[in-house]
Structures are given as C-alpha cells and as structure tokens.
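What follows is calculated from the coordinates using simple rules that are stated; it is not laboratory data. Quick caveat, the model's predicted, so the values are computed rather than measured. Neighbour counts are summed over all protein chains in view; Cβ atoms, including those assigned to glycine, are modelled from backbone coordinates with ideal geometry.
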Amino acid sequence: MRLLGVDTGGTFTDLVYFNGQSVQTHKELSTPQAPERAIMQGIASLGIDTRGLHIVHGTTVATNALLEGKGARTVFVTNHGFKDLLLIGRQTREELYNLTPREKPTLFESRLCLESGGRIDPRGDTVSPLPAAEMDALADSIDRLDVEAVAVCLLFSFVDNRFERMLKARLGEGYFVSISSEVLAEYREYERGLATWINSYLGPVMQGYLSRLGEALPDSRLAVMQSDGLTLSTAAAERNAVRLLLSGPAGGLWGSLHTGASVGCTRLLTFDMGGTSTDVSIIDGDFELTRRGNIAGLPVAVPMLDIHTIGAGGGSIAWVDEGGLLQVGPDSAGASPGPACYGQGGGQPTVTDAHVVLGRLPSSCKLAGNLDLDPAASQSVIARLAQRVGLDPQTCAQGIVRIANEQMTQALRVMSVYRGHDPKDFTLVSFGGAGGLHVCDLAESLRIHQALVPAHTGVLSAFGLLAAPSGKEVSQSCIQLLDECDSEELEEVFTQLEHRIASDLKMGSASPYALKRELDLRYQGQSATLRLPWQDPSSVGQAFHGRHRERYGYALDMPVELVNLRLTAANTDTPELPMPRVDRTHPGSAIGKTRLHEFAKEVPVFRRSDIALGQTLSGPVVVIEPQATQYIAPRWTALQQESGSLLLEYTG
C-alpha cells in the first residue's frame, strides 16, 4: 500500500510519502486561504502518482475557522424557554471579583437562537408535542434568517431523539443540519448543545474544503484525522466537523508513541514546536483522552487527545510592551511573509530570527529543505528591536529565546507537575520544525535528564498519521445506580451504539474493526467520572473503587452510579509504520562550523544522515537535516539509535 501523510500547519504543510519500501519527506509553505493548494504543490514536488494513493490528512481548517470566527451562519434550535442556553453557558467568569468585567465577544447571535416544541422528560415521556404546523412555522423563520446551517438540541434527546429526527427530516434538504443525539448523546444540555452548534458552524466549511481537496485528488482514498487520534473517511468527517478540532496535533502523538517504543521509552512528555504554535502532551504507556477540551474559550465535550496548545512557535513575533519589556507571541509571522530570515519581506523579529543571530541556525542551512536563509535580514530586525530595549543584538536574541523557552516550560508543567507527575520520570520528545532548537533548554528547566529527537522530527506529525487506525467513538448517557443496572438492557444499548458507529465506518460482517466497550462511573452525587472497561455490574463496581483509590488516594462507601456507555471501534488492519533503520557504521565527520555568539566560539555542524549507528556527539554541536535543525547544548550528548532517533543525555 502506498501511503501519504499530510499535516497542514499555520506555517508549513508537511508531507511524508511511503511507497511500500522507502520514505520521502517534504515541507511546503502553507497557503492558509486555500490549504489544498499547498498540498497539491507538495505532491507535485515529490512526484507522486495519486492513482490508488491512500492519504491521511491532519488539518487545521476546523480549528482556524472556530478561532477566527469564520464558520457558517448557524441557527440554534432548542425547546421553549431555553433559547439563551448557549449565551448563558455555565455562568463562569474569568474575573470573579470584578464588578464591571469586560464584555467578551461571542459567536452566538440571540436572534439566531429559536425555540420549538417536541419536549420530553427524563423518562422519555412527551411533555409537549411537535405538530407539523409548528415545524412549518419554524422552517419559515429559519428561511428568513439567511443561514447555512442549523443545530438542534432538544432537552433529554439522548433518552429519545424522535423529535430531533423529525426536525432534521423537515429541515435537512436546505441546510447543513446537526442534531445533538447524533453529535453527543450525553446529558448536560449546555455541553451537548455547544458541540452540536460547533458541528453545524464548521460543517459547511469542512464540506467545502474536503470537497475541493477530493476534486483535486479524484483517484485517491482520503481519510481525515480526528481529535481522538482515529481517522475517518472524508464523507464521515464532513458530518463530524466538531471531532476535527485537534486533527493536526494528533498525528504527532502517534509518531512519538512509536518512536519511544523503538528505544524502550513508554513514559513520554511531548512537545511539538512548529512555526505558529507549540502543542504539549503526556503519554504514560498510552494516550490520555479528555472530554474537557477548550478551544477558543469554548468547552468541547467530544473525546479528544489531551493536548495543551500555546501561541509560541518559530514564527512567534518578539515585541516591546507599553512598559518597555520584551515579549514573545502569541502573534505569528505565519507562512507569508514569515520570519525575516525567510527572505520574503518579513519585517518583524521572530524566534527563528533570534536563532539565526545566535548562530544556532547556520547560515549555510536551508529551512524546510529549500528555503535559503537571509541572515542579514534577521540581524536587521533583531538589531532594531534590541535598540528599543537598550540591548545589543545577541543579548536581545538570547532574551527572545529564553522567553519562548519559559512559555513552553510552563506548558509542559501544566501537563506534568500540575497533574502530579514528576517530569524527571519522563523522556522529553521533541519534534516539529523548531523543536530541536529548544529541547535541551526545556529539559534542563524541568530537570529532565533524557530527551529524544525522532527521525523525521520536522515532519513527525505527518509521519505519525501513517500509523493512525481508522475508527470512531460513540457514547450514550444512561444514568442509573450500578446495582440496579440490567446487563441485558446495557447489552441492547451497546448494540444500538454499534449500529450508529457502523454507518460512518462502513463496518460489515467481515469488518477488521475491534470494538471496545467502556463505562463512565462515579460515586452518587459526584460530577466527575472515571472510565472503566465493560464488565458485569458487580465486577465493574469493585474495579471502580480500586481505580478511584488509585487516582485520588481514597475510596468511599457510597453507591456507584453509571453515567455513560462508550463504544470505540478501531481498525486492526493498519499498515505497520515504516520506521527508519540506521545501518551506517563509519562515524560521520562535521561538514563545517557555526559561531555560537552566546559562547563566543565556533562549534561543529553535522549532517544528521552522516551520523553512524552508535556514534555519540557531545555538545555544543549543531545537527542539520532537510526539515529541522537540532542544537545540542553543552553538558549534553546525543547517541544515534538504530531507529534513526537521537537519544540525548544530560551529563552535567
């Protein structure tokens, strides 16, 4: 099977092509207004025959549309008396004691929130009907609002969704319609309604983008990465846009998992530093999933990998605030014009320009494989900034890098220290085009003594996409005391979930999908739940007490409550990831030197492909490759692994 992984970022679009025998990689400057254009340019640069090609795509289109408020004009429909559901939310306030808080802009328009009948109670009994005349009046009201999409969230529709299905049938031909019982069939009407609204808000955007990409690649099989690390066909992805918000970063965790396994490391702290942002996560044997994600200040309750994102990347702009202090980000120079060193007219100093000034990016190297550096442009923009803060250019550049490091260190603490993990017990995995320039500094800040720089580090997210199985998770709220649960009734609910999941995955009798059944449980009266594998009610209750004691340090003598049933289908017939193998035995030599201004001395520059198996490099040293550059700091060594990874050890 020929595979192509494509990861679209804010600055670069990364491509990794596996032809069945060998791997080719490529970076292309992103084209944010039409992301598919950069993909096609990259495919042309690699000379790939797209006939019969299997493409797995990680995209930021959904994320960017939500962050920038550029989704479809969407009507929200709920029951009478609840039309302000999305506007009220959870009534949480960022400034709790401020009596005159700043009014925050919202994506929801009050006049686009409509009310309808069709209300049921928690037992599934009808409280108010939904006559045809009321549906017709609702449809007329929507027609007058000039919208593209409709989101329907009726109370307790996760118990019985007949009224939501009636509205979808009535409105479905003229609009993109999402109903909450299909998007997120769980209790908590605000989170369910918000997920449904986001799905409709982003649906037309994703439909347009994926249809354009499909038209450009008519003979290829295209799949899209979801936020939970599983892939969907484009047809299914268009209907599940809310599940694509972390589509891009998810591939990097698959790449990190396989890279760590190749050197026997299963406890990993990962950081993916690209041109626009940095994504950090933790892998303790397996991925962590969360249903408390937050994108653009909105809680997103669909399952997603537990990834923390900050606005710090190679293209983050350095600036001076009103108090005269140096700041970095979150604004980015992006792909156009990009950092000044790209030579495309960028006039703002960035983190990448700071590395050029410091000598960590040798003037002879090419960014992303084909971009010539313009060191003079970096010197010019950093010098102008340095003059404003009263520093020499080298000290100013050091300050920029230190600020960016502190931002990323804090993000890594959020994923480790704040959750009770000691960073010293983990291996720091660095990837992304800019990650290798910061890995030693970040590890020292967290007192981590071991780090890993994977092969294909600059395009690891695209590489990891090749390992991701297709699949999907669905859920159903079924709130009752565990002791009162009927196993046969739960089996019936799981069977219904199988039918729901089968339509998106086209599962048949000879399906290669493995099904995993799980339960969300809690002590009665609690809010937070723990997820456990499905067993009979008595056995899973005992397992819950043990899990609660393991997680929180105690167990309670209280009734256990079942909250949600979850079913995950994952394809077991996934191609094995084509991990690189290093067989070079003759130690490579430096190809030149670069002057590190922070140490006022020249250090060797190695080409990564020249480093032999078992060869050790002692810092300070710079290692270059087509898509990334690694800076090995003093008191660090880098050992070449058979898998092509560099294993870094702190010797200080």
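For segment 609-652, taking the reciprocal of the average inverse distance between every pair of different Cα atoms yields a Kirkwood hydrodynamic radius of 10.6 Å. For segment 49-130, the direction-averaged projected area of the alpha-carbon convex hull comes to 11.2 nm². Close amide H pairs (under 5 Å, H built 1.01 Å from N) link Ser116 with Thr78, Asn79, His80, residues at least 5 positions away or on another chain. The helix-based estimate of mean residue ellipticity at 222 nm for the chain, built from -39,500 (n - 2.57) per DSSP H run of four or more residues and divided by its residue count, is -9500 deg cm²/dmol to the nearest 500. Note on segment 269-332: along the principal axes its Cα atoms extend 43, 25, 17 Å, ordered by decreasing extent.
Based on the convex hull around the alpha carbon atoms, segment 534-585 presents an average projected area of 7.9 nm².
Three principal axis extents describe the C-alpha atoms of segment 335-450; from largest down they are 45, 35, 22 Å. Toward the positive end of the charge dipole of the chain, with +1 on the Cβ of Lys and Arg and -1 on the Cβ of Asp and Glu, the farthest Cα among Gln627, His355, Leu530 is that of His355.
Sort the following peptides by mean Cβ neighbour count (other Cβ atoms within 10 Å, averaged over residues), highest first: 319-328, 539-548, 433-442.
433-442, 539-548, 319-328
Compute the distance from the alpha-carbon center of segment 572-607 to that of segment 46-114, in whole Å. The two parts, judged by their Cα centres, are 42 Å apart.
For segment 204-316, the Kirkwood hydrodynamic radius comes to 15.3 Å, computed from all pairs of different C-alpha atoms. Couplings 3J(HN,Hα) for segment 476-493, derived from phi with the Karplus relation 6.51 cos²θ - 1.76 cosθ + 1.60 (θ = phi - 60°), are 8, 6, 8, 7, 6, 5, 4, 5, 9, 6, 9, 4, 5, 5, 5, 4, 5, 5 Hz, where x marks Gly and Pro. The base-10 log of I(q)/I(0) for segment 359-398, evaluated at q = 0.14, 0.24, 0.33, 0.34 Å⁻¹, reads -0.36, -0.78, -1.05, -1.08 [Debye formula, identical scatterers on Cα atoms, solvent excluded]. Derived scalar couplings between HN and Hα for segment 556-564 equal 10, 8, 9, x, 9, 10, 7, 10, 10 Hz in order, rounded to whole Hz, by the Karplus curve 6.51 cos²θ - 1.76 cosθ + 1.60 (θ = phi - 60°), x for Gly and Pro. With the gyration tensor restricted to C-alpha atoms of segment 316-375, the semi-axes of the equivalent ellipsoid amount to 22, 13, 8 Å, longest first. The angle between the Cα long axis of helix 35-46 and the main principal axis of the chain comes to about 50°, on a 0 to 90 degree scale. Amide H to amide H distances under 5 Å link Val429 with Leu269, Thr270, Phe271, Leu452, where only residues 5 or more positions off or on other chains count and H is placed in the peptide plane.
Average projection, convex hull of the Cα set of segment 145-236: 7.1 square nanometres. Diffusion coefficient of segment 125-196 by Stokes-Einstein, Kirkwood radius over Cα pairs, 4 °C, 1.567 mPa s: 103 µm²/s. Taken over segment 1-142, the alpha-carbon convex hull comes to 250 cubic angstrom per residue.
Principal axis extents of the Cα atoms in segment 247-371, from largest to smallest and rounded to whole angstrom, are 42, 37, 25. For segment 435-479, the gyration tensor built on C-alpha atoms gives an oblate shape. Its axis ratio a/c (a ≥ b ≥ c) is at least 1.5, and a/b is not larger than b/c.
Rg and Dmax over the alpha-carbon atoms of segment 471-546 stand at 13.8, 43 Å.
Sequentially through segment 525-534, phi angles give Karplus couplings (6.51, -1.76, 1.60; θ = phi - 60°) of x, 7, 9, 6, 10, 10, 9, 9, x, 5 Hz, Gly and Pro residues having no value and appearing as x.
Compared with the dominant principal axis of the Cα atoms in the chain, helix 537-552 is inclined by about 40°. Here the scattering of segment 459-609 is modelled by Debye summation over its C-alpha atoms, one equal scatterer each and no solvent; at q = 0.18, 0.19 Å⁻¹ the log10 of I(q)/I(0) is -1.10, -1.16. Once the convex hull of all Cα atoms in segment 91-174 is built, its volume per residue stands at 141 Å³. With unit charges on the beta carbon (Lys/Arg positive, Asp/Glu negative), name the residue among Gln394, Gly464, Met415 whose Cα is farthest towards the positive pole of the charge dipole of segment 381-487. It is Gln394, whose Cα lies furthest towards the positive end. Taking every alpha-carbon pair within segment 183-255, the share separated by more than 13 Å comes to 67 percent.
Partner lysines whose Cα lies under 25 Å from the Cα of Lys506, excluding those fewer than 8 positions away in the same chain, are identified as Lys168, Lys472, Lys516. For the chain, the residue among Pro337, Trp636, Ser503 whose Cα projects farthest onto the positive side of the dipole built from Cβ charges is Trp636. Across the chain, the volume of the C-alpha convex hull divided among the residues equals 175 Å³ per residue.
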